[in-house]
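Take a look at the structure set out below.
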Amino acid sequence: WLAENSESREEDVTRQQLEARIAEAEKAAANAVDEPAKLLDLAEAYGVLNPKEKQCLETCELVMKFSLPFLSRRRQGDANQLHARCLFLQKDYEAALRALLRAQECYKDQGTKALRRSNNAALVRCYCALSQGEKAGERFKVALTMCESKEDALNVYLTGKVALEGVGYTDLMETVWEDHLDDNPQTKAQLDGQMQAMKDLSKQVGPKDQGQDEGELKFPENLGEAIELAKQHKGITAALLFGLFLYLAFAI
């Protein structure tokens, strides 16, 4: 969730610019009686700079109490989603789940696929934190149906892998992921190409273990194995990632 927040910022935005936006939002929120939506704008501004900022949670709670009825259904969903993230980062998982389910209902009325995908990915995290792996697996499957690009699908996969592995539902996640790849051959083809590029690079730069012949070196067959390989061989991970970056840059 923290990584998603970082990626959602503009690439070249500075801390000073984010703080200036907060100052503007604080000024606008001073008249929240006349414009209750400004409180949510302020909470979002706090959250972009630092998702763990206590002011973000406190402002979200003000939104819940005073502004929510005056917001559109989509913005109500945004408010509940942001509130859920604040609660999750404070380790109040049950309250976070309730907020996410409220956001889910709002997004059913007015949400986009991107918003519903984000909501389902958040539900995966929350259900896993509460050790409810089967429900998390269901949300993982739904999140994949909301993907609009190969990159969306990969992000959902990584979310599910990190969360579901922690509660022992790796097999369920991998089965759902394989079904998704079968239904989306372009995504599968891209990932296969990336895996092949990593294999080729590994053959060129990967050191062999003592007593291990080149033919015995096992290369990753899928994204999950690639992640495990990176964990086991941290020394060559940087080189592999650099090579993958060059491959993707060339492909683009």
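Structure notes:
- Accessible area in the full protein assembly, largest first, 1.4 Å probe, for Y127, Y169: Y169, Y127
- Of interest is the spacing of the C-alpha centroids, which for the range 37-113 and the range 179-195 amounts to 35 Å.
- For the range 71-82, putting each phi into the Karplus relation 6.51 cos²θ - 1.76 cosθ + 1.60 with θ = phi - 60° gives couplings of 9, 5, 4, 5, 6, 4, x, 4, 5, 5, 5, 5 Hz, in residue order, rounded to whole numbers and with x for Gly and Pro.
- In this simple spin-label approximation, S72 and K54 carry label points 7 Å from Cα along the Cα→Cβ vector, and these lie 3.5 nm apart.
- For a modelled paramagnetic label at L130, 7 Å from Cα along Cα-to-Cβ, the residues of the range 92-110 in reach, with backbone nitrogen under 19 Å, are 92-108.
- Measuring with a 1.4 angstrom probe and ignoring ligands and nucleic acids, S72 comes out at about 60 Å² accessible.
- Each label point was placed 7 Å from the Cα along the Cα-to-Cβ direction; for K65 and Q110 their separation is 2.4 nm.
- Once all protein chains are placed together, H83 keeps about 20 Å² accessible to a 1.4 angstrom probe.
- Cα-derived Rg over Rh, computed across the range 24-147 with Rh taken as Kirkwood radius: 0.99
The values are calculated or read from the model by the stated rules, or taken from the named source; none is laboratory data. Being a predicted model, the structure only gives us computed values, none of them experimental. Positions of Cβ are backbone-derived with ideal geometry, glycine not excepted, and every protein chain shown enters the neighbour counts. Calculation scope for accessible area: heavy atoms of the full protein, side chains included, ligands and nucleic acids excluded. Shrake-Rupley method; radii C 1.70, N 1.55, O 1.52, S 1.80 Å.
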